[in-house]
Amino acid sequence: MFSQKQIFAAPLAGITDRPFRRIVRQFAPDAPMVTEMISCHSIVGAHKNCLRNFDRYDDEGAVGAQIFGANVKLMAEAAKILEGQGARWIDINMGCPVPKVATRAGAGAFLMRDHVLAGKIMDAVVRAVKIPVSIKTRLGWDEEHKDWRDLINIAADSGVKFAALHGRTRAQLYVGPAVLPDVTDAPIPIIANGDIKNADDVERVLNMGFAGAMVGRGLLGQPWIISQMCGMDVPVNVAAVALQHLEYALEYYGEKTAVPMFRKHAAWYSAGMKNSSEFRIRVNQITDAETLKVAIREFWDYHC
Ligand SMILES: Cc1cc2nc3c(=O)[nH]c(=O)nc-3n(C[C@H](O)[C@H](O)[C@H](O)COP(=O)(O)O)c2cc1C
């Protein structure tokens, strides 16, 4: 059997915020988790102008802060700031396919097309911090350019400690099955990502030579999934978990932001259950925390 330390919670923008990480952490105290991607421009700009309170990661255990951007100097500065906030490692996004990141900003997956720039960013970030640096990337830009090996070799030369590899190309976005390649001759440990849904999937990729597995969408509505993958028999009361998650969100964002933000989580927690579409419609109209709590309690018939 494998340990929680080998199963990473993937970065998911708009999802793996601090409240979500807190609820995952409750079930998997040792699992490494990656934050949502944060733009180097927003980190450095906001930090200089003292515009916002950054998350501190000290009390969160093994959390890697993920940065994205195409500006070498700002990426290094951003990494340093997040190291100061207590991140255990820095992850560089080299796989995000959305046009805002990969096309307009020349960042994320675009770095798979510009290995020279990717190398400069990795060199600068590794030099800027004392904590480990990782990258998260894909097989390549498209079917004709599956050159992840070249990027991993550059990463290793730059001093990057490990990489997460999503078994799709940029062109595939999130569609079709993830296909993971042979990584046995990779110069750094590789974490398998894409469609990891259960313990069998983890076992399969570990047997293939991957150093670990990274779970993304499998966490939605199931923040306990990593502990289950590790063979722990977690008694799950979904209503209690959803209410606890909501409390964390309220504490972090305040009611006005947390309630609408929580709608998607309520939908994921209830997915596949009887009357879940009525529940979703009801929740989507709720704007205050007390009514949302009542709706959750009623849906699961949970009255503690
Ligand atoms: C809604 C959503 C948001 C994502 N946000 C990020 C992100 O911020 N950074 C990143 O590197 N990948 C991001 N990804 C990609 C995931 O981390 C992961 O690579 C992908 O979902 C495949 O893994 P899965 O099949 O386990 O979901 C995101 C994916 C989704 C669906």
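FYI, it's all coordinate maths here, none of it is from the lab. Just so it is clear, the model here is predicted, and its values are computed rather than measured. Please note: Cβ atoms are built from the backbone with ideal geometry, for glycine as well, and neighbour counts cover all protein chains shown.
The table for this structure:
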| quantity | calculated |
| --- | --- |
| Listed residue pairs exceeding 25 Å between alpha carbons, taken from K100/K146; K197/K256; K130/K197 | K197/K256; K130/K197 |
| Selected from S276, A295, L243, residue furthest toward positive end of dipole (region 238-300; charges at beta carbon) | S276 |
| Inter-probe distance in nm under a simple model that places probes 7 Å from Cα toward Cβ, at V175 and Q26 | 3.7 nm |
| Estimated FRET transfer efficiency when R0 is 25 angstrom, pair N153-S3 (beta carbons, to 0.05) | 0.30 |
| Extreme residue, positive dipole direction of the chain, given options Q228, M261, P189 (C-beta unit charges) | M261 |
| For region 29-78, the fraction of alpha-carbon pairs in successive 5 Å shells from zero, as % | 5, 20, 26, 23, 16, 8, 3 |
| Chain lengthening between D114 and K146 when straightened (0.36 nm per residue, less Cα-Cα) | 10.2 nm |
| Mean shadow area of region 4-229 over all directions, Cα convex hull, nm² | 11.1 nm² |
| The chain: relative contact order as a whole-number percent, Cα under 8 Å and 6+ apart | 15 percent |
| Alpha carbon centroid spacing (whole Å) that separates region 186-203 from region 243-304 | 32 Å |
| Alpha-carbon centroids, region 12-74 and region 150-182: separation in whole Å | 21 Å |
| Zone residues, region 1-21, relative to K161, backbone N less than 16 Å from point 7 Å out along Cα-to-Cβ | 5-9 |
| Cα centre as origin, Lys/Arg/Asp/Glu Cβ charges: region 197-265 dipole, Debye | 300 debye |
| Sites S276 and R204 - FRET efficiency at Förster radius 30 Å, r taken between beta-carbons, to 0.05 | 0.50 |
| Cα-based equivalent ellipsoid, region 180-281: semi-axes from gyration tensor eigenvalues, Å | 33, 16, 13 |
| For region 101-214, convex hull volume per residue from C-alpha positions, Å³ | 104 Å³ |
| Computed [θ] at 222 nm, deg cm²/dmol, the chain (DSSP H ≥ 4; -39,500 (n - 2.57); rounded to nearest 500) | -12500 deg cm²/dmol |
| Quarter of the Cα convex hull surface for region 238-300, i.e. its orientation-mean projected area (nm²) | 3.5 nm² |
